[in-house]
Amino acid sequence: AQMFDQARRRRLMEDLSGTDDFHYFPGGDASYDRARDVVRKLLGTARHRCLLCDVFLSASDAAEFVPFVKRVRLPVRLLGSAWFLRQKDVDRGPRQGDELKRCVDALRATDESIDVQCKVLAGRSSAPVHDRFMMIDDDVYLLGSSLNEFGRRATTLFRVPDPDSIRAELEKWWDGRGGLSTPLEEWLSGQPEDTRS
């Protein structure tokens, strides 16, 4: 009976993973590659709206995923966190925020059809959000981990069944109402000199 129950559960997971509603990535190199392919495929479907919200959003994430948005001049909105972007890339290297700005500038310079925009969520010691989200048109996806390690360890991605409230919250964060976010360039110019690279 236990073997039949395990087989039934495995089939259920496989059926769910066969849709864009739910994906399970068990971890490891193959899982990491598959997870990245799934995210890229979803980004490629964006037609009206695209926003990535990840508190650990880095330059390498932007470089790896933004070019997969196929719609010409579709604003690709990146929402990172002040807490993480203030961190040094390596011990004495540039801050994550400076690296992200260089990457965004390079993406814009390399391909004029890319409209990438970046804002920083407020928060001195932590971000106001824990989960990671992708908003693609009217759909919202919840990522079980940050893009930088997505799929390397066991994690999931699923489409939120009732996305309206989360979509409204993401838009509120993006709009910066109540000082919730600031454009990356403006945020960088307001940082003290001793934290600059």
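The values are calculated or read from the model by the stated rules, or taken from the named source; none is laboratory data. Bear in mind the structure is a predicted one, so any value in this text is a computation, not a measurement. Virtual Cβ from ideal backbone geometry, glycine too; neighbours counted across all protein chains shown. The accessibility values were calculated without ligands, DNA or RNA, using every heavy atom of the protein model including side chains. Shrake-Rupley method; radii C 1.70, N 1.55, O 1.52, S 1.80 Å.
General observations
- Accessible area per residue (1.4 Å probe, heavy atoms of protein chains only) ranks Arg10, Arg71 as Arg10, Arg71, with the largest value leading.
- Label zone at Val72, where the point sits 7 Å out along the Cα-to-Cβ direction: the stretch 107-137 residues whose backbone N lies under 12 Å: 112-114
- Ordered from largest to smallest accessible area (heavy atoms of protein chains, 1.4 Å probe), the residues Trp83, Trp173 come out as Trp83, Trp173.
- 5 angstrom amide H check on Arg95, placed H, neighbours 5+ away: Asp89, Ser197
- Span from the the stretch 70-126 Cα centroid across to the the stretch 155-179 one, whole angstrom: 19
- Helical runs (DSSP H, four residues minimum) scored at -39500 (n - 2.57) apiece and divided by the length of the chain put the mean residue ellipticity at 222 nm at -11500 deg cm²/dmol.
- Using θ = phi - 60° and Karplus 6.51 cos²θ - 1.76 cosθ + 1.60, couplings along the stretch 64-77 (whole Hz; Gly, Pro as x): 7, 10, 4, x, 7, 6, 7, 5, 5, 6, 6, x, 9, 9
- Taking a ≥ b ≥ c as the square roots of the eigenvalues of the Cα gyration tensor, the stretch 118-197 is classed as oblate, since a/c reaches at least 1.5 and a/b does not exceed b/c.
- Global form of the chain, assessed from the alpha-carbon gyration tensor, a/c cut-off 1.5: prolate
- Per residue, the stretch 33-105 exposes an accessible area of 44 Å² to a 1.4 Å probe, with every protein chain left in place.
- DSSP beta bridges in the chain [antiparallel fraction, %, rounded to 5]: 65
- Accessible-area composition of the chain, carbon plus sulfur, in percent [1.4 Å probe]: 51
- For the chain, lysine pairs separated by 8 or more sequence positions, or belonging to different chains, with Cα-Cα distances below 24 Å total 9.
- Distances between placed amide hydrogens fall under 5 Å for Ser145 paired with Thr156, all partners being 5 or more residues away or on another chain.
- Amide H contacts of Ser181 (H built 1.01 Å from N, under 5 Å, at least 5 apart or other chain): Ala122, Gly176
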